[in-house]
Amino acid sequence: EDQVTQSPEALRLQEGESSSLNCSYTVSGLRGLFWYRQDPGKGPEFLFTLYSAGEEKEKERLKATLTKKESFLHITAPKPEDSATYLCALSPREYGNKLVFGAGTILRVKS
Amino acid sequence: NAGVMQNPRHLVRRRGQEARLRCSPMKGHSHVYWYRQLPEEGLKFMVYLQKENIIDESGMPKERFSAEFPKEGPSILRIQQVVRGDSAAYFCASSRAGNTDTQYFGPGTRLTVL
């Protein structure tokens, strides 16, 4: 069965302390990998789409990278407003158009 | 440019009642997806629809749940005879096309079954 595992489950950072979130996966064929941000009581907000190993995308303090087995979301000099749950989702080739989500990483950034 | 709209945002039902959740996709989007987020669990796919067609309902419970996306109007997720285990956040997403196109999510409907 295809699996999506995110680590760590929770991460506490001081403002300005850079770190990375991990999304590892086992799928027979990957059409796309997506990163979302979810604030409490809200829907997931789209961040990035990655399609092939070696691809990188950046937006403000966030940078997403993809290899054949995992993706990283790098957070540079985070601020308290970056606190949220970060979700990784896959579109496996054999699953049609559905997304398979990981459990998420809860990020807390303290000032 | 309005995003995905869902209503109601909160819905309270007693056991045995029916719940109807509505979703209007983003302008220009013709693909709609429903996901469910149970307490302390991740988002799970339920159903994928295009106008007047159910494309994939592999994540939908076999009984009591149904979905439609009519030619005119919003997509509807209908839950008949709700039970406490149906309490969850239900999210709708839409995309311009299928395949690898990005899915954009609405704010969700939080269903509470008393």
Of residues in segment B:68-97 being within 22 Å of A:S91 (Cα to Cα) and surrounded by 16 or more Cβ atoms within 10 Å (Cβ to Cβ), the one farthest from the chain's Cα centre (by Cα): B:S95
Failed item in (1) in contact (Cβ under 8 Å) with a residue 40 or more places away in the chain; (2) open to solvent by 60 Å² or more (accessible area, probe 1.4 Å); (3) more than 8 Å from chain B (Cβ to nearest Cβ), with A:R37 passing the rest: (2)
Number of the exception - A:L21 against (1) more than 12 Å from A:L107 (Cβ to Cβ); (2) touching a residue at least 24 places away in the same chain (Cβ under 8 Å); (3) open to solvent by less than 20 Å² (accessible area, probe 1.4 Å): (1)
Some residue of segment A:45-52 being away from chain B (no Cβ under 14 Å) and small (G, A, S): no
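Give the number of residues within segment B:1-15 that are open to solvent by less than 50 Å² (accessible area, probe 1.4 Å) and either under 14 Å from the mean Cα position of the chain (by Cα) or away from every other protein chain (no Cβ under 14 Å) (or both). Lay out the reasoning, then the answer.
At the first step, the residues of segment B:1-15 found to be open to solvent by less than 50 Å² (accessible area, probe 1.4 Å) are B:3-4, B:6, B:8, B:11.
Still in the list and also either under 14 Å from the mean Cα position of the chain (by Cα) or away from every other protein chain (no Cβ under 14 Å) (or both): B:4, B:6, B:8, B:11.
The qualifying residues number 4.
The values are calculated or read from the model by the stated rules, or taken from the named source; none is laboratory data. Keep in mind that what you see is a predicted model, and the values were worked out from it rather than measured. Cβ coordinates were reconstructed from backbone atoms using ideal geometry, including for glycine residues, and neighbour counts include every protein chain displayed. Please note that ligands, DNA and RNA were not included when accessible areas were found on the heavy atoms of the full protein model with its side chains. Shrake-Rupley method; radii C 1.70, N 1.55, O 1.52, S 1.80 Å.
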